[in-house]
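What follows is calculated from the coordinates using simple rules that are stated; it is not laboratory data. This is a predicted model, so every value here is computed, not measured. Every residue, glycine as well, gets a Cβ built from its backbone with ideal geometry; the counts of neighbours run over all protein chains shown.
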Amino acid sequence: MQSVKKFLKTVLLVIELTLYVIFYHFDKWLFVLIIALDQYVKFQVVSTMALHETLPIIPETFHITYVLNPGAAFGILPHERPFLIGIGGFMLILGVLYYNRMKNVHLATKFGCIMAAAGAASNMIDRLNTGYVVDMFDFRVFPVFNIADVAIIIGLAAIMYVSFFQSEKVNANEFSS
């Protein structure tokens, strides 16, 4: 429990120090930060916990549980590694190609694309290395997930929000270089 608290303090410190740098290069640093943070948390879980070990943070509500996911989100398409790597690679290529065209898109669209791409990239790193994605956040009411999954969901939600509720374009370059 003490190592988890120390780890969480370290994560918060890294986030705090990084926010200053991110402000000036929002798009590039957000991408790198999500991948780095997700990979760091996964590394800590793998190196300090046994598979299926669980640490209650808030008993009966939130645990850190080390599991390996052989599929996509929520365990769908289990053991379809080549397909999932192919889809992830295709999405990253599209993201890189589309990135150069994101000059006059709504800021939330740019934010969403970066979040989703970073989450996909980080989970793809796991799939390429081991064939599994490391998950650890366990709220006991739905499948265990990780930071990359959160980034993907937030990113897609931001894109959907703009698609459904915003008609006005905002220059995203005002917030990045």
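Things to note:
- Close Lys-Lys pairs in the stretch 2-175, where close means Cα under 16 Å and separation is 8 or more or interchain: 7
- Counted residue by residue at 0.36 nm each, then reduced by the alpha carbon distance between them, the extension gain from T61 to S163 reaches 33.3 nm.
- Assigned charges on the beta-carbon of Lys, Arg, Asp, Glu; the chain dipole about Cα centre (debye): 320
- Residues I153 and R101, FRET efficiency given R0 of 30 Å [Cβ-Cβ distance, rounded to 0.05]: 0.80
- Helix-only [θ]222 nm of the chain, DSSP H runs n ≥ 4, -39500 (n - 2.57) each, per residue, nearest 500: -21000 deg cm²/dmol
- Three-way shape label, the chain, alpha-carbon gyration tensor, a/c 1.5: prolate
- Extension gain, V11 to E53, is 13.0 nm, computed as 0.36 nm per intervening residue step minus the present C-alpha separation.
- Extension gain (nm, one decimal) between F83 and V141, 0.36 nm per residue minus Cα-Cα: 18.1 nm
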